[in-house]
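What follows draws every value from the coordinates through simple rules; no lab data is involved. Just so it is clear, the structure is predicted and the values come from calculations on it, not from any experiment. Don't worry about glycine lacking a Cβ; one is built from the backbone with ideal geometry, like all the others, and counts go over all protein chains shown.
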């Protein structure tokens, strides 16, 4: 009797597992694995909407070399990623330290700094486009107030990328601050108290205690920052400067695939991006896991 | 002592100027949307308008279809969020609490797809959805978003802390496997679920590139697409553009302000970026 009951129970379990697992596997096969394999296939073909695909071998990959548009878009993307990660990260770290040190109002400050994170990047681009507007924009009026010369901001190829990066930093800083704050809360007070007994200054405490102990947070932000930074699209597309001065890698890929219908060429670019991201991540892992700090 | 006080004051000056920098663009957006037309592009700029108007809101929501874009964004984001919460938790539960063949292999295969940038899959996915006639419909946005590897991973982690005794107790009571999951397990994961809900919703609400690729007719637009179109079409009428921006930004800010504790916990819990 009990034997039968046990067997039946097992069946119910198995049925449940299968009922969940089969649709899951089918879903991810169709929406993840098939597209990845298909993308690989496309990258070896000349492909648009009208004609059947023609096999071109490595042609699409060979054309990546010496492609000046691609180089300039990579440059834009790399500048974007490096500056948002390092300058944005440095600013966020400073603000996180300050917010962490106040006795009252830390929660309010955190909320205020987090507001732009919630905003869509398209909206950020639109709002900052208005602030940056050369003739009627507010920022040039602010400059005038301090007796500084007017700027063209997004309208000049010289300043467009820097302006777009500044607006993106404004948008993303709150996220980094919150991550740093979580890390800072994890550091035990006793380390600081011991340092105070030894007469350490505030800067010394930050340098010898906070920074080494926040290492995992820095590593996390560095790696995820580069992964997302290299895939930037929205901000640069919406705050576009003249002469492709803000055209990033994904935007070039998007334009080639969906405006010029060069699906094969764009797919080869996508795999290049994949390779760049994987390589950067591996290098960073190597660099940061070499030494670990423990107290 | 004096030095400490001065440092304290400097600290607050930096924090407050930073805070103003964070808030001011929103103020400028809202104020531009309600200024009277002659003051929108006035030099020097009018910081505190004495006369305001809400005329543009009616026009932007009705005639210029922002009401429609808002509804499109809302129902896509709600549908996707509901679906992701359900699929992530039930799949995470199965992976954590059941033994089956190839469990780890399948799980690793799923995780490995997280490494692949969206740029790789967007072209083939567009072509595949085109073949089944789904391009330029909301289904093209909703269907690929119904399952989330990250969500499954997150929910599986959460299920780890739930003791197996709960499941055993449910089985002894004769509850069905689904009922055990739905009534006994799911309610215990509320904290993670709310974090996942917020980020899924926010990600969909703000999503731009994929809708830009798959949606072409204007009545199917989501808010970011509508706003982008606005920026191109009405660049000379900043009052209108800022009205559109306000409509797409303010609701999510209100949601954030009303449940910010969950939000901030969510960020630190998931480490997830927008």
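Of note:
- Cα pair distances of the protein assembly as shown binned at 20 Å [whole percent]: 18, 50, 28, 4, 0
- Each principal axis of the Cα atoms in chain A has its own extent, and those three values, largest first, are 72, 67, 36 angstrom.
- Longest to shortest principal axis, alpha-carbon extents of chain B, angstrom: 74, 69, 35
- Region B:1-137 - Rg (one decimal) and Dmax (whole number), Cα, Å: 26.1, 74
- Taking each DSSP H run with n ≥ 4 as -39500 (n - 2.57) and averaging over every residue of chain A yields -21500 deg cm²/dmol at 222 nm.
- Ranked by the mean number of other Cβ atoms within 10 Å per residue, highest first, peptides A:224-233, B:82-91 order as B:82-91, A:224-233.
- Working from label points 7 Å from Cα in the Cα-to-Cβ sense, the residue B:164 to residue B:50 distance is 7.7 nm.
- Other protein chain Cβ atoms within 10 Å, averaged over every residue that makes up B:217-223: 1
- The coefficient of translational diffusion for region B:77-189, derived via Stokes-Einstein from the alpha carbon Kirkwood radius under 20 °C and 1.002 mPa s, stands at 134 µm²/s.
- Inter-chain Cβ neighbour average for residues B:16-24, partner chain, 10 Å: 5
- Ratio of Rg to Rh for region A:17-87: 1.19 [Cα atoms; Kirkwood radius as inverse mean 1/r over pairs].
- The convex hull defined by the C-alpha atoms of region A:1-150 has an orientation-averaged projected area of 22.1 nm².
- Computed packing ranks the peptides A:140-150, A:170-180 as A:170-180, A:140-150, most packed first, by mean other Cβ atoms within 10 Å.
- Look at the alpha carbon pairs under 8 Å that are at least 6 residues apart: their mean separation over the length of chain B gives a relative contact order of 30 percent.
- Sites residue B:63 and residue B:216 - FRET efficiency at Förster radius 22 Å, r taken between beta-carbons, to 0.05: 0.55
- Peptide-level mean, for A:103-114, of C-beta atoms on other protein chains within 10 Å: 4
- Neighbour counts of other Cβ atoms within 10 Å put A:113, B:126, A:208 in the fewest-to-most order A:208, B:126, A:113.
- Taking every C-alpha pair closer than 8 Å and separated by at least 6 residues, the mean separation divided by the residue count of chain A gives a relative contact order of 28 percent.
- Both radii were evaluated on the Cα set of region A:194-295; the Rg over Rh quotient, with Rh as the Kirkwood radius, amounts to 1.22.
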